[in-house]
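One structure below.
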Amino acid sequence: MISPLLRPALFIDRDGTLIEEVDHCCDPAHVRVYPGAAEELNRARTMGWANIIITNQSGIGRGYFTEEQFQSVQEEVYRQLGHTIDAAYMSPDLPGSGSSRRKPAPGMILEAAAEHGIDLSRSFMIGDKDIDIKCGASAGVRTILVETGYGRDYSDCRPDFRVPSVTEAIRTALAHA
């Protein structure tokens, strides 16, 4: 039986999903949150959902930018989203490293679920890449592919839902909860 104390979550990729895609974004001045995202995240939060960012940041592992630069970008994301994010999980690991945290592995979602009392069966992973969809499916959450960022490039990754934007993705998740 599922504990009534567990709540659902929106696990959301950052680059290309919540914010406009900037290759290896390391400058807060380049952060552009998609219109309507803050309002929809706030609505989810008032309905009892957790909003959690799940992001690969191989630019750190490649030496393109530092963890401090990543944090300064995160602060700008939080500011533009009106502080509607409950937590963020980041993997600096390189592709092919075998990391259990780097998407498409489900490690960050499973870690967040344990730390924040999340009911995975009522939760969603929202992203713009096939690795986001694979990550969510591996973690046992429903998946939504957005057609922003790289989303239009993935015609065969089999998400549960495919929508034009993150605002539409959040509305879809809340409607299918």
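The values are calculated or read from the model by the stated rules, or taken from the named source; none is laboratory data. Keep in mind the model is a prediction, meaning the values are calculated, not measured. Using ideal geometry, Cβ is built from the backbone for each residue, glycine included, and neighbour counts are taken over all protein chains shown.
For the range 79-177, the strands (runs of 3 or more DSSP E) that sit wholly inside it and include 3 or more residues that are farther than 17 Å from Asn51 by Cα and at pLDDT 95 or above are 161-163.
To keep it simple, each residue is scored yes or no on (1) surrounded by 14 or more Cβ atoms within 10 Å (Cβ to Cβ); (2) at negative phi; (3) not acidic (Asp, Glu).
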site	(1), (2), (3)
Leu5	no, yes, yes
Asp23	no, yes, no
Val31	yes, yes, yes
Gly48	no, no, yes
Gln57	yes, yes, yes
Gly61	yes, yes, yes
Glu75	no, yes, no
Asp93	yes, yes, no
Ser99	yes, yes, yes
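When restricted to residues that are outside any helix (DSSP H, G or I) and basic (Lys, Arg), the range 37-50 contains 0. When the criteria are applied in full, Gly107 meets the requirement of being under 15 Å from Met125 (Cα atoms), surrounded by fewer than 21 Cβ atoms within 10 Å (Cβ to Cβ) and without any contact (Cβ under 8 Å) to a residue 24 or more places away in the chain. Of a type in the set (S, T, N, Q), touching a Lys or Arg at 6+ places or on another chain (Cβ under 8 Å), surrounded by fewer than 20 Cβ atoms within 10 Å (Cβ to Cβ) and without any contact (Cβ under 8 Å) to a residue 60 or more places away in the chain, is that true of Thr84? Yes.
For (1) within 20 Å of Asn56 (Cα to Cα); (2) of a type in the set (Lys, Arg), each residue gets a yes or a no:
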{"residue": "Asp132", "(1), (2)": "yes, no"}
{"residue": "Ala137", "(1), (2)": "yes, no"}
{"residue": "Arg142", "(1), (2)": "yes, yes"}
{"residue": "Pro159", "(1), (2)": "yes, no"}
{"residue": "Glu168", "(1), (2)": "no, no"}
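One line per residue, one yes/no per condition, for (1) among the small types (Gly, Ala, Ser); (2) over 30 Å from Asp119 (Cβ atoms); (3) under 13 Å from the mean Cα position of the chain (by Cα); (4) not in a helix (DSSP H, G or I):
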{"position": "Leu10", "(1), (2), (3), (4)": "no, no, yes, yes"}
{"position": "Asp23", "(1), (2), (3), (4)": "no, yes, no, yes"}
{"position": "Ala29", "(1), (2), (3), (4)": "yes, yes, no, no"}
{"position": "Pro35", "(1), (2), (3), (4)": "no, no, no, yes"}
{"position": "Ile52", "(1), (2), (3), (4)": "no, no, yes, yes"}
{"position": "Thr55", "(1), (2), (3), (4)": "no, no, yes, yes"}
{"position": "Phe65", "(1), (2), (3), (4)": "no, yes, no, yes"}
{"position": "Gln74", "(1), (2), (3), (4)": "no, no, yes, no"}
